[in-house]
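Accompanying notes for the structure given below.
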Amino acid sequence: MSKRILITGAAGFLGSHLCDRFLKEGFYVTAMDNLITGSLKNIEHLLQNENFEFIPHDVSKFVEVPHRKTGHNGDVHYILHFASPASPIDYLKIPIQTLKVGSLGTHNLLGLAKAKGARMLIASTSEVYGDPLVHPQTEEYWGNVNPVGPRGVYDEAKRFQEAMTMAYHRYHGVETRIARIFNTYGPRMRLNDGRVLPAFIGQALRGEDLTVFGDGKQTRSFCFVDDLVEGIYKLLFSDYAEPVNLGNPDEITILEFAEEIIKLTGTKQKIIFKPLPQDDPKQRQPDISLAKKVLRWEPKISRQEGLKITYDFFRKLPHEELFKSEHRFG
Ligand code: UDP
């Protein structure tokens, strides 16, 4: 019988791509999501697959894994914890849920991993480095996070999540993996989640000016989703339990990024400047030496290629989606 993997946040951007990958690799996938920021649209193509099941559930509450659709007992071999609001706009709107899914949710899932003897990988983030004073960011850097600022709800939940995960690893011997994920993009991002790439592409498609926050000199480094999924896959099956950065080191300023999107989309609109949100990191670039060494992994897809694929996805969305403000909460 195939191995079963539980993926939380499965109806989200990264979660749904992970469902695709693990089904392709022959796993039985139990997908969990409370659909607060995720969407069934992202996994509807999987609902008829006999090796896939969807369980609507908020993992901040006790997590139970029922008997498989196709077989016996409630076994689980692997857990990927990807449930969390992940865009600054989302976690500003639902701060308590963000804190709970990173803390209580992680605790519940680690308890499940311990009970089932499963290996668990958590989705941590470059936000654990806050507004970093070390550049590029290596795993040894402890970060520069404002715990009581607006982003603190996400950053501290994720830092707690790492601490809890290491504690279960050290004190209960649970097999754990920690991925520190840097900015990732690709098809199935939500057009209105507030992140810079869907924001710019959405603006271009609606014929609006592109809103650069601050002077646009802040930097980010964007990784295409297929590369990230490959990194997660390799990390899960490695024997490395300490945190590993996963991202694309190709760094760019937000102003340059806006110019790239203008070129890509051919929009005639211009760039306008808006105030920089509080505690917005000034620079971000992963040092991926560790991933190269222990996982033999590095991104392969250039920004040019990845942006083209992503733009094609957004361009094909039904016209009304472009104008929908789709927040289901707050
Ligand atoms: N940003 C921007 N215009 C937008 C949305 C975001 O200039 O319409 C900037 C934001 O201030 C940040 C960068 O783009 O410096 C990346 O923001 P995002 O929300 O994608 O994620 P972050 O990397 O900050 O978590």
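Couple of notes before you dig in:
- In a residue-by-residue description of segment 278-286, the property of being open to solvent by 40 Å² or more (accessible area, probe 1.4 Å), under 20 Å from residue 129 (Cβ atoms), of a type outside the set (A, V, I, L, M, F, W, C) and modelled with pLDDT under 95 applies to at least one position.
- Check on residue 42, of a type in the set (S, T, N, Q) and within 23 Å of residue 179 (Cα to Cα): yes
- Residues that are part of a loop (DSSP other than H, G, I, E, B) and over 22 Å from the mean Cα position of the chain (by Cα) were ranked within segment 206-218; the one that is surrounded by the most Cβ atoms within 10 Å (Cβ to Cβ) is 216.
- Condition check for residue 257: open to solvent by less than 40 Å² (accessible area, probe 1.4 Å), within 15 Å of the ligand (Cβ to nearest atom) and touching a Pro at 6+ places or on another chain (Cβ under 8 Å): no
- Candidates 167, 118, 83, 157, filtered to the one that is of a type in the set (A, V, I, L, M, F, W, C) and free of Cβ contacts under 8 Å to residues at least 12 places away in the same chain: 167
- Of the residues making up segment 152-159, one or more are over 30 Å from residue 65 (Cα atoms), within 18 Å of the chain's Cα centre (by Cα) and modelled with pLDDT of 95 or more.
- In segment 169-187, the residues that are of a type in the set (A, V, I, L, M, F, W, C) and near the ligand (Cβ under 9 Å from one of its atoms): 182
- Among residues of segment 219-247 being part of a loop (DSSP other than H, G, I, E, B) and more than 21 Å from residue 13 (Cβ to Cβ), the one that is farthest from the ligand (Cβ to nearest atom) is 239.
- Filtered residues of segment 188-202 (kept if open to solvent by less than 20 Å² (accessible area, probe 1.4 Å), near the ligand (Cβ under 10 Å from one of its atoms) and either over 17 Å from residue 314 (Cα atoms) or part of a helix (DSSP H, G or I) (or both)): 197, 198, 200, 202
- Residue in segment 119-132 that is open to solvent by 60 Å² or more (accessible area, probe 1.4 Å) and either within 16 Å of the ligand (Cβ to nearest atom) or part of a loop (DSSP other than H, G, I, E, B) (or both) present: no
- Selection status of residue 93, touching a Gly at 6+ places or on another chain (Cβ under 9 Å), without any contact (Cβ under 8 Å) to a residue 60 or more places away in the chain and surrounded by fewer than 18 Cβ atoms within 10 Å (Cβ to Cβ): no
- Every pair of residues 6+ apart whose Cβ atoms lie under 7 Å, when the first sits in segment 37-59 and is closer than 25 Å to residue 92 by Cβ while the second is in a helix (DSSP H, G or I) and open to solvent by less than 70 Å² (accessible area, probe 1.4 Å): 37/90; 38/15; 42/16; 59/101; 59/105; 59/108; 59/109
Quick grid of which residues meet (1) open to solvent by less than 20 Å² (accessible area, probe 1.4 Å); (2) outside any strand (DSSP E or B); (3) at pLDDT below 95:
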{"position": "54", "(1), (2), (3)": "no, no, no"}
{"position": "62", "(1), (2), (3)": "no, yes, no"}
{"position": "67", "(1), (2), (3)": "no, yes, yes"}
{"position": "89", "(1), (2), (3)": "no, yes, yes"}
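- Matching residues in segment 26-52 - criterion: being charged (D, E, K, R) and within 11 Å of residue 5 (Cα to Cα): none
- Extreme residue, most open to solvent (accessible area, probe 1.4 Å), among residues of segment 219-242 that are among the polar types (S, T, N, Q) and out of contact with any Ser or Thr (no Cβ under 7 Å at 6 or more places or on another chain): 238
- Yes/no for residue 75 being at pLDDT below 95, among the charged types (D, E, K, R) and surrounded by 18 or more Cβ atoms within 10 Å (Cβ to Cβ): no
- Number of positions in segment 23-52 that are over 14 Å from residue 82 (Cβ atoms) and part of a helix (DSSP H, G or I): 7
- Filter result for residue 237 (hydrophobic (A, V, I, L, M, F, W, C) and within 21 Å of residue 314 (Cα to Cα)): no
The values are calculated or read from the model by the stated rules, or taken from the named source; none is laboratory data. None of these values were measured; they are calculated from a predicted model. Neighbour counts run over all protein chains shown; Cβ positions are idealised from the backbone, glycine included. The accessibility values were calculated without ligands, DNA or RNA, using every heavy atom of the protein model including side chains. Shrake-Rupley method; radii C 1.70, N 1.55, O 1.52, S 1.80 Å.
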